[in-house]
Each structure stands twice: as C-alpha cells, then as structure tokens.
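Below is one structure; the comments refer to it alone.
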Amino acid sequence: MDNKELADLIFPNAKEVSFYEEKYKARELPEGAIVTRFAPSPTGFVHIGGLYQAEIARKLADQTKGVFFVRIEDTDQKREIENGVEQIIDALRDYDLMPDETIIDGKDVGNYGPYQQSKRKEIYQAYAKFLIEKGMAYPCFCTPETLNSIREDQEKAKERTGYYGKWTKCRNMPIDMSAEKVKNGESCIIRLKSPGNPDKKIKHRDVIKGNVDMPENDQDIVIIKSDGLPTYHFAHAVDDHLMGTTHVIRGDEWLPSVPLHLQLFYVLGFKAPKYAHIAPMMKVDGDAKRKLSKRKDPEAAVSYYTEEGIPKQAVKEYLMNIANSNFEIWRKQNPDKPIEEFELQLNKMGVSGALFDMVKMLDVAKNVISKYSAEEVYEESYNWSKNFDPELKEMLDDKEYALKVLGIERGNVKPRKDIGKWSDVKNTIYYMYDNKFDKNGEFEYQKINDKDEIEKIVKEYFDKYYDEADDKDTWFAKMKDLAESMGYAREVKEYKANPDTYKGHVGDISTVIRVKVTGRCNTPDLYEILKVLGKERIMKRV
Ligand code: GLU
C-alpha cells in the first residue's frame, strides 16, 4: 500500500485538486488591485473590531479597484448561533460596507463560493487528500487520553507541549497499519506532517507590523477534525488561495500563527498572500490598558451604536481616525469631503493597540451631526425614536414643528454641536415642548438671582420690548434698551470697564429671559428659540 491508496481509503469521494484549481480561475483585476476579506464566525455578536476590519477591507478594495468579500467561518459548529450570518450581513449593510461577494439569504453571490466554510467540506477534503498522497499529511488515531499522556510526559520533561517531532505517535505509523485502522472503522483526524525546524527562523514581513522573525512551525497540527471539517488554519490556506485573496487583514492574535500558515501555503504549493495584522482596540481601565472586551464593555458591540443612536457615518469616521492618525488632519483640511476620498494606508496603521475612546467618538459624532440639515436630523432621530424612545417619537410626530426646533442654529457658519447621538436629542429640545416644560420649575438663574428683579425684567421685556416680528438686530437692540433702562450696561465691555456703575450687563438680562422661557441658562441662540416657540407659547410660560 502507498500514500495514494491510503488517501483514497480515507477520502474515497474527494475530487482531484486540479478540479478546484480549474474551477476557481485567477481573478482578472488591474495591477495592484487588493482582494481582501472579512472572515467572521457567526457567533451572534458583531464586535466593533470586526466592523473596523470590514471598513478597512472595503476601503482598500475600493481604493485599488479590487474585491472585498465576506466568508463565514463556521467550522466550529459549537460556537454558532441561529441568525449569526444574517446579523453580520445586516450590520455590514447598515454601515454601507456590503461586500462584493458573500452569502446572502443562504445564496452565494460571487464566483468563488460557497462563502460559508461548512459548505466547503469536500473542497478541504480534496486538499487534505492531496497532502496525504504527497506524504505531507497523515491520519492520526490518538485518543484524548493518549494526547493527555503525551502532554504530561512533556511537562515532566520540561519540554514544549504539542504534537510534534519525537512526541508524535502516528506520524511514522506504517501505511499498512494506518490503512488497517481506517478499514476497521477507527475514527481519525488528519494532521499536517510538518517539515519545519524550530531552530530555524522564518522572516515575515507584515504589512502593518513590519519585519517579524519567528521560529519555523514544527507542530503536526490538525487539518481535518473528526467531524470531517477543517481547522481554521487549513481552511484559511485553502480558501484564501482559491478565493484569490491578496491581503489577509486580520486581528493580530493570529500573528503567531504566521509560520504555520506560510508552511501550509508552501506544502500545498500555493502562493502566500500578504498579511496585515491589525492591533486590537484598547480601553483604559483604571491605571491599565486592556482589550475592548465583549463581556465587560457594552461599546464593544456594534448593536450598542444603534441603540444609542450614534450615526453610522460618525462611527465610520471615528474608526478611520483610529486606523490612520493622519485622517484627523485630512478631515480638518477637507471638512466637507466624503470619507471615500481619504486614502487609507495599511502601513500607516498603528503597530500596537489603539485606544478606543468614547468621548472622542462622540466628539466626532457631534461634528458629523452639526453638518446635517434639520431634515436629516429629523429623519434619523425620528427613525431611531421609533425603536428606542417612544417619548421622543411622540415629540417628533409633529414634523412641521420638530423641523423648526431641530433647525435652530443649524445650517449656518457655526452650527450647534451639542448632539452626538440621537439619544441626546430629547434632552436638547424638551423645553421647546409645552407638555415637557415645567414653567413652575425651580430654575437656576445665573447672576441675577433676586426674584423681584427677575419678575421685573421679564415683565418689562414682554410688556414693552418683545415683538415677535422683530429681526435679529432689532431684537438685540431692544434687549440692550431694556438693559440700559434698568441700570445694566448695553455692552459687556462697558460693564467690564466700569463695574461699579452698573448692576450688570445685557448678557445678564438676556440670561433671565432665556431661563424664564427654557428653564436653562445654556441653550442655542435665544432669538431663534423665541422665534420657534412663538408668541402664544411664550406668553403661556411667562
Ligand atoms: N474567523 C477568524 C476570526 O474570526 C478569521 C481570522 C481571519 O481573518 O483569517 O478570528
């Protein structure tokens, strides 16, 4: 018996690899085109780091007229959940990051599928068979007990653990013996017969991390598990080869696996892709930094941003900030350009974990929202409210009025920047609604605190000065007249020059009106607020 016969015995139905090499032709793309992918497991949790990877991958493919595809890595069927695939695709669709090729509603879109690993079983088996034929892989019959005892022996001898070199039991098993076991129906897995020597180093040049030298792999890792499905490592090599991936962009927890992966590409006779290992997102926790954690940090979930109502555009902008630190400068120089025009460079990505800072994210969001029209703010916050805040929804139901409210200090040179998420909206506009505004509330007036003085200012203003029809200049001139008539300076400057001459200045007067009408001493432009509220509402309040 020879290796070929053994391979036939183990995988009698597997096709020749030439079949797949023929079927999946090399892609015809322009020089320099990047073919890359996002390869999540459908665990039911879409991590912000995954979205980050997808955004980077989508962008690089777009920049180079390449291809971005999504491959679902579901060979660990214990971890899988129902709808896991849909959740991923929905998130990508939500963020305008749809791949060119993937699986949608159970159907493959693209010529390099199936795009779901559990549907590629026969492909992996063909390549495993090929390796067995070449003597580069072998069946292993070791039971968990045997593997345990190997490990114990290794620990006792203070040697590296794992299935390698002299510690292997099945690597050098005579072919006839292996065949006998297979014929007897003994269950087996398939292992790589690693040609590596750990005393030698491989030179890896990572697109992000730069030069990294690591010892060669000598572990006879499992390539096909007892359920017939491949391990991540083997599937990675086969899939990224057949799917024509030029750049593997993935989390840097995979960096230590590079020697193994390069070895797999080598024994399979494939050209290896370029690797770009992305550092994880970090969070400050007390005095230390740690990875953003699915268990501890709500902001690790993409769903969090939807629930909070942080606009997608803002999330994407912030992630781009983390990816390339020069993005921020570009944005300052090009405040109105679409993010698509920024050129992302992999080699400018940070080598170590970037800090994920929610405050910064919200700052970006405030900037993004400040550029929205009232109509856009309305549409997005109204849609958000339908799912997450019935009270806000009710407020926004009257679209005509809501548009006026949301239009305050918007669309001008210095637009308001107090909204970073749709869940902020209610708190920034409630006082514009009579049923939310408590005119008898205990308001904090700033400088002018005397009740009688306040009443006097309010009465004077609304009796003698306020006219709904005034334009802004007239309105402000009148505010000054009122100030003067009551012993306050017309201008802040005047007051500052002679503080003893005046009771205060025009700003103190307008603050009284502001607080009386809105309950707050900090609001957007008071003139606009009065305009939108209108005389009738205002009179009820004062
Ligand atoms: N399924 C792997 C993961 O989620 C993919 C890694 C890769 O991109 O190759 O970590």
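Table for the structure above
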| quantity | calculated |
| --- | --- |
| Region 14-51: number of residues that are aliphatic (A, V, I, L, M), assigned to a loop (DSSP other than H, G, I, E, B) and away from the ligand (no atom under 15 Å from the Cβ) | 4 |
| Boolean, residue 132 is out of contact with any strand residue (DSSP E or B) (no Cβ under 7 Å at 6 or more places or on another chain) and either part of a helix (DSSP H, G or I) or among the hydrophobic types (A, V, I, L, M, F, W, C) (or both) | no |
| Hey, residue 343 at pLDDT 95 or above, part of a loop (DSSP other than H, G, I, E, B) and not aliphatic (A, V, I, L, M) or not | yes |
| Enumeration of residues in region 140-159 that are in contact (Cβ under 8 Å) with a residue 24 or more places away in the chain and either surrounded by fewer than 14 Cβ atoms within 10 Å (Cβ to Cβ) or more than 41 Å from the chain's Cα centre (by Cα) (or both) | 141, 142 |
| Tally of residues being of a type in the set (Lys, Arg) and assigned to a loop (DSSP other than H, G, I, E, B) across region 327-340 | 1 |
| Hits in region 52-73 (condition: in a helix (DSSP H, G or I), buried (at least 20 other Cβ atoms within 10 Å of the Cβ) and away from the ligand (no atom under 13 Å from the Cβ)) | 55, 58, 59, 60, 61 |
| Members of region 323-345 that are under 23 Å from residue 280 (Cβ atoms) and in contact with a Lys or Arg (Cβ under 9 Å, 6 or more places away or on another chain) | 323, 324, 325, 326, 339, 342, 344 |
| Strands (runs of 3 or more DSSP E) wholly inside region 244-305 that include at least 3 residues being of a type outside the set (Asp, Glu), modelled with pLDDT of 95 or more and under 20 Å from the mean Cα position of the chain (by Cα) | 247-251, 274-278 |
| Pair list, Cβ under 8 Å, 6 or more apart: region 348-362 residue surrounded by fewer than 17 Cβ atoms within 10 Å (Cβ to Cβ), other residue of a type in the set (Lys, Arg) and modelled with pLDDT of 95 or more | 351/209 |
| Members of region 22-51 found to be at pLDDT below 95, surrounded by fewer than 22 Cβ atoms within 10 Å (Cβ to Cβ) and within 16 Å of residue 102 (Cα to Cα), listed by number | 41 |
| Where a residue in region 230-243 is within 14 Å of residue 220 (Cα to Cα) and acidic (Asp, Glu) and its partner, wherever it lies, is away from the ligand (no atom under 11 Å from the Cβ) and part of a helix (DSSP H, G or I), with Cβ under 7 Å and at least six apart | none |
| Lone unmet requirement of (1) crowded, with 17+ Cβ neighbours inside 10 Å; (2) under 33 Å from the mean Cα position of the chain (by Cα); (3) over 30 Å from residue 346 (Cβ atoms) for residue 225 | (1) |
| Whichever residue in region 245-256 is farther than 13 Å from residue 73 by Cβ and surrounded by 20 or more Cβ atoms within 10 Å (Cβ to Cβ) and, among such residues, is farthest from the ligand (Cβ to nearest atom) | 246 |
| Residues of region 176-219 satisfying the condition of being closer than 23 Å to residue 12 by Cα and either free of Cβ contacts under 8 Å to residues at least 40 places away in the same chain or touching a Gly at 6+ places or on another chain (Cβ under 9 Å) (or both) | 177, 180, 184, 185, 193 |
| Residue 426 farther than 12 Å from residue 392 by Cβ and either surrounded by fewer than 17 Cβ atoms within 10 Å (Cβ to Cβ) or at pLDDT 95 or above (or both) | no |
| Top-ranked residue in region 228-244 [being more than 26 Å from residue 63 (Cβ to Cβ) and hydrophobic (A, V, I, L, M, F, W, C); ranked as surrounded by the fewest Cβ atoms within 10 Å (Cβ to Cβ)] | 229 |
| Residue 192, sole failed condition from (1) surrounded by fewer than 16 Cβ atoms within 10 Å (Cβ to Cβ); (2) within 18 Å of residue 136 (Cβ to Cβ) | (1) |
| Scan of region 223-240 for residues that are away from the ligand (no atom under 14 Å from the Cβ) and either touching a Leu at 6+ places or on another chain (Cβ under 8 Å) or part of a helix (DSSP H, G or I) (or both), ordered by number | 223 |
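The values are calculated or read from the model by the stated rules, or taken from the named source; none is laboratory data. Just so we're clear, the structure is a prediction, and the values are computed from it rather than from any experiment. Note that we place each Cβ from the backbone using ideal geometry, even for glycine, and neighbour counts take in every protein chain shown.
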